[in-house]
Amino acid sequence: MDTHRWTPTCRLLAIVAVAALAFGSATARETAARADGEGGTDGETHPRIAIELESGGRIVVELLPEEAPCTCERILALVREGFYDGCSFHRVESYLVQAGKKECELPPIEGEMFGQTVWHDPGAVGIARLPDDYDSAIAQFYIMKEKRSTFNGEYTLFGHVVEGMDAVTEIEKGAKIEHVSLLE
């Protein structure tokens, strides 16, 4: 007798997995088009931000509002007010770098990781959260240096690096962000 029951969450995850397999090739084409600077397949251009490092490096990130609208809205608002200027990369691992202020009075953002069609590959940019709370992201961001499939569906991705991955791989703990700006 099979005692396994499909909970609503389990059913949802199974549907998402099947959809990801079914639409994977289209998603790969869209990701490749964005990496080539073409924007999405719908012809829209996506907002881009430039992260200028004190060391002279420059990282350009294309935001993906169709994947994480609330997160992108938050990031753009913080960039416009200069929130990230002067922040340092306080976490540097072999697979990612992370920056942003640890103390912040903003309310947390609801997690947008479920159903995303982007993955934690090199250059993916996500918003950090507490390990045990999907809805605790506030303002810290990370950039992937290596693929981490175990992060897929666990953390919200909101963009990807389109220029400056060499600068990302050279970031050391304590490296400072000089300025982050919205590219028009």
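The values are calculated or read from the model by the stated rules, or taken from the named source; none is laboratory data. Every value quoted in this text rests on a predicted model; they were computed, and no experiment measured them. Methodologically, a virtual Cβ is constructed for each residue, glycine included, from the backbone with ideal geometry; neighbour enumeration extends over all protein chains shown.
Inside the stretch 87-105, can you point out the residues that are of a type outside the set (D, E, K, R) and surrounded by fewer than 13 Cβ atoms within 10 Å (Cβ to Cβ)? Reasoning before the result, please.
At the first step, the residues of the stretch 87-105 found to be of a type outside the set (D, E, K, R) are 87-90, 92, 94-100, 104.
S94, the sole residue that qualifies.
Kindly establish whether V92 is modelled with pLDDT of 95 or more and out of contact with any strand residue (DSSP E or B) (no Cβ under 7 Å at 6 or more places or on another chain).
Yes.
Does G126 count as closer than 14 Å to F158 by Cβ, of a type in the set (G, A, S) and in contact (Cβ under 8 Å) with a residue 40 or more places away in the chain?
So G126 does not fit the description; no.
What are the residue pairs meeting all of these: first residue in the stretch 147-163, first residue under 13 Å from M113 (Cβ atoms), second residue among the polar types (S, T, N, Q) and crowded, with 18+ Cβ neighbours inside 10 Å, Cβ atoms under 8 Å, and 6 or more apart or on different chains?
N152/Q116; G153/Q116; T156/T71; T156/Q116; L157/Q116; F158/T71
Give the residue, chosen from T71, T41, T27, T31, that is of a type in the set (S, T, Y), more than 18 Å from K176 (Cβ to Cβ), modelled with pLDDT of 50 or more and surrounded by 11 or more Cβ atoms within 10 Å (Cβ to Cβ).
T71
Going through the stretch 95-110 one residue at a time, which ones are out of contact with any Lys or Arg (no Cβ under 7 Å at 6 or more places or on another chain) and assigned to a loop (DSSP other than H, G, I, E, B)?
Of everything in the stretch 95-110, those that are out of contact with any Lys or Arg (no Cβ under 7 Å at 6 or more places or on another chain) and assigned to a loop (DSSP other than H, G, I, E, B) turn out to be G100, K101, K102, E103, C104, E105, L106, P107, P108, E110.
State whether the residues of the stretch 102-110 include one that is touching a strand residue (DSSP E or B) at 6+ places or on another chain (Cβ under 9 Å) and either within 16 Å of L53 (Cβ to Cβ) or among the aromatic types (F, W, Y) (or both). Break it down stepwise before answering.
From the stretch 102-110, those touching a strand residue (DSSP E or B) at 6+ places or on another chain (Cβ under 9 Å) are 102, 108-110; that's our starting set.
Now restrict to residues that are either within 16 Å of L53 (Cβ to Cβ) or among the aromatic types (F, W, Y) (or both): none.
No, because not a single residue in the stretch 102-110 is touching a strand residue (DSSP E or B) at 6+ places or on another chain (Cβ under 9 Å) and either within 16 Å of L53 (Cβ to Cβ) or among the aromatic types (F, W, Y) (or both).
Could you figure out which of (1) closer than 23 Å to A175 by Cα; (2) in contact (Cβ under 8 Å) with a residue 40 or more places away in the chain isn't true of E81?
So E81 meets the others, but not (2).
Please go through the stretch 168-184 and pick out each residue that is in contact (Cβ under 8 Å) with a residue 40 or more places away in the chain and within 13 Å of P122 (Cβ to Cβ).
V168 - this is the single residue of the stretch 168-184 that is in contact (Cβ under 8 Å) with a residue 40 or more places away in the chain and within 13 Å of P122 (Cβ to Cβ).
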